[in-house]
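Trainee: Here's a structure for you.
The values are calculated or read from the model by the stated rules, or taken from the named source; none is laboratory data. Bear in mind that the values here come from a model prediction, so they are computed numbers and not experimental data. A quick note on method: Cβ atoms are made from the backbone with ideal geometry, for glycine too, and the neighbour counts reach across all protein chains shown. Heads up: the accessible areas ignore ligands, DNA and RNA and are worked out on the full protein's heavy atoms, side chains in. Shrake-Rupley method; radii C 1.70, N 1.55, O 1.52, S 1.80 Å.
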Amino acid sequence: MEITTLRNKNLSLVSFFEFVELKTKVASIFPMTIGFLWSYYYYHTFNLLNSLIFIIAVISFDMCTTAINNTVDYHKAIDASYKVEENVIGKYQLDLKQMVKIIFLLLGISIFFSLLLVLLTDILLLPMGIICFLIGIFYTYGPKPLSRLPLGEIFSGLTMGFGIFFLALYIQSPQRLMSTQITLSQLTISWHIGEIALVFLMSLPLVTLIANIMLANNLCDYEQDIKNHRYTLVHYIGTQNALALYTVLNLFPWFVWLLFLLGQFVPWYGLFIYLFFLLNWKSLKRFRKEQIKSKTFIEAIKSFVLFSVLYVLTLLLGILF
């Protein structure tokens with residue numbers, strides 16, 4: 001059937017969830033949750049109102065960027081079978097104009113709640129938020145989207161793994177990390193470098209595992225990406241090197257966790273996570289054996305969820321006991 005003869009269908013809840021890829025939002029939810037818990041455990045600080053507003057802003061923007069990605073992929077698709085059979089817009093025969101309206105609605109919701117959060121915290125959140133918005137939008141949109149370059153893993157890992165984690169801590173008590181003091185004659189910005197470095201260290205497991213989700217996606221989609229002229233990191237370093245990188249990024253959190261324990265940045269109960277290492281090892285072996293989107297891509301998400309859940313449980317035990 002010619003693409004031009006396809007009739008648009010109404011958007012359903014199922015197609016909407018697939019359009020925004022709701023199941024992938026764990027990559028946003030866990031950095032937020034861990035950030036909230038670590039703030040309460042380590043700094044004994046938690047602001048419920050700011051946290052709720054932050055959740056709405058982050059989830060709506062995450063859905064927005066995913067929606068942009070699916071729309072751009074549909075619009076720029078060269079492979080006709082991908083456009084009609086695999087992309088959510090073509091598969092469900094959705095109205096492209098309606099999808100664009102949804103993108104702007106999600107973006108508007110995120111901007112509104114982000115600006116509200118600026119009013120409740122510190123003006124420094126505004127430039128930080130703008131940077132995050134720009135990275136998120138240009139990650140999937142523009143003449144050279146970041147996701148179509150060998151930069152996707154870096155930007156996704158740092159933005160979601162470190163950026164969301166940092167902001168989840170920042171909104172609890174901005175002065176602890178960085179703050180501003182404005183007078184008629186000057187603007188003073190205070191940076192607490194040691195605290196920021198510690199936050200970055202605590203986010204590293206999230207950074208590497210989220211980057212690995214993108215890397216796994218690119219490994220599974222490699223042949224399809226080439227057909228659609230998407231040249232990701234896998235194209236430049238080769239499949240075998242990409243698998244080696246995937247292995248390193250997968251195992252790194254389990255090694256850096258020892259540093260967390262030795263530095264007493266997490267409670268000693270965190271030793272129990274190594275009881276579950278074998279689960280991660282088996283998942284890693286399954287993905288290394290074959291990289292199939294419908295079959296083994298889920299292993300990257302499993303590894304991320306496993307470690308994140310153990311991170312959450314460790315902090316909960318520390319808070320409770």
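Trainee: With every protein chain present, what is the per residue accessible area of the chain (1.4 Å probe, Å²)?
Mentor: Numbers: 16160 Å² over 321 residues.
Heavy-atom SASA per residue in the chain reads 50 Å².
Trainee: Report in % the part of the accessible area of the range 1-109 that belongs to carbon and sulfur, leaving out ligands and nucleic acids; probe 1.4 Å.
Mentor: Details: 3550 of 5650 Å².
Looking at the range 1-109 in its full context, I get 63 percent from C and S.
Trainee: With Kirkwood's inverse mean 1/r over C-alpha pairs for Rh, give me the Rg to Rh ratio of the chain, two decimals please.
Mentor: On the way: Rg = 20.6 Å, Rh = 20.9 Å.
That ratio is 0.99, to two decimals.
Trainee: Hey, quick one: spin label on F17, modelled 7 Å out along Cα-Cβ, who in the range 93-120 has an amide N within reach, i.e. under 14 Å?
Mentor: none
Trainee: Hey, what D do you get for the range 48-205 in µm²/s if you plug the Kirkwood alpha-carbon radius into Stokes-Einstein at 37 °C and 0.692 mPa s? Don't skip to the end; give the middle numbers.
Mentor: On the way: Rh = 17.4 Å.
For the chosen part, D equals 189 µm²/s.
Trainee: Does anyone have the angle between helix 125-138 and the longest principal axis of the chain? Alpha-carbon axes, 0 to 90°, nearest 10?
Mentor: 20
Trainee: Using the crude model of +1 on Lys and Arg Cβ and -1 on Asp and Glu Cβ, and no other charge, please compute the dipole size for the chain relative to its Cα centre, in debye to 20.
Mentor: Working: 22 positive and 17 negative charges, 92 e Å.
So the magnitude is around 440 debye.
Trainee: Same structure, new question: Please list, by residue number, everything in the range 146-175 whose backbone N is under 19 Å from a paramagnetic label point 7 Å out along Cα→Cβ of I78.
Mentor: So the set is 146-151.
Trainee: Grab the alpha carbons of the range 220-302, take their convex hull, and tell me the volume per residue in Å³. Intermediate results must be reported in sequence, preceding the final value.
Mentor: Details: hull volume 8.7 nm³, N = 83.
Taking only Cα atoms, the range 220-302 has a hull volume of 105 Å³ per residue.
Trainee: Keeping to pairs on different chains or 8 or more places apart, tell me how many lysine pairs in the range 1-147 have Cα atoms under 14 Å apart.
Mentor: For the range 1-147, qualifying lysine pairs total 4.
Trainee: Averaging the inverse of every distinct alpha carbon separation and then flipping it gives the Kirkwood radius. What is it for the range 54-99, in angstrom units? Don't skip to the answer; put the middle values down first.
Mentor: Values: mean 1/r = 0.0885 Å⁻¹.
After inverting the pairwise mean of 1/r, the radius is 11.3 Å.
Trainee: What aspartates and glutamates does K282 reach when the alpha-carbon gap must be under 17 Å and sequence neighbours fewer than 8 apart in one chain are set aside?
Mentor: By straight Cα distance, K282 reaches E290, E299.
Trainee: Another one. Taking every pair of alpha-carbon atoms in the range 1-116, give the share separated by more than 26 Å as a whole percent. It would help to have the intermediate numbers written out before the result.
Mentor: On the way: 2165 of 6670 pairs.
Of the Cα pairs, 32 percent sit more than 26 Å apart.
Trainee: Under a 5 Å amide H to amide H cut-off, with H placed in plane at 1.01 Å, what residues pair with L94 once short-range neighbours are removed?
Mentor: Close amide H contacts, sequence-distant or interchain: K9.
Trainee: Then there's this: Quantify how much of the Cα-Cα distance distribution of the range 101-157 extends past 14 Å, in percent. Before the final figure, lay out the partial values.
Mentor: Details: 998 of 1596 pairs.
So the portion of pairs separated by more than 14 Å is 63 percent.
Trainee: Assuming R0 = 41 Å, what is the FRET efficiency of L262 and I292, from their Cβ-Cβ distance, to the nearest 0.05?
Mentor: On the way: r = 39 Å, r/R0 = 0.95.
My answer for the efficiency is 0.55.
Trainee: May I ask you to derive the FRET efficiency for R176 and K227 from their Cβ-Cβ distance with R0 = 30 Å, giving the value to the nearest 0.05?
Mentor: Details: r = 49 Å, r/R0 = 1.64.
The pair R176/K227 has a calculated efficiency of 0.05.
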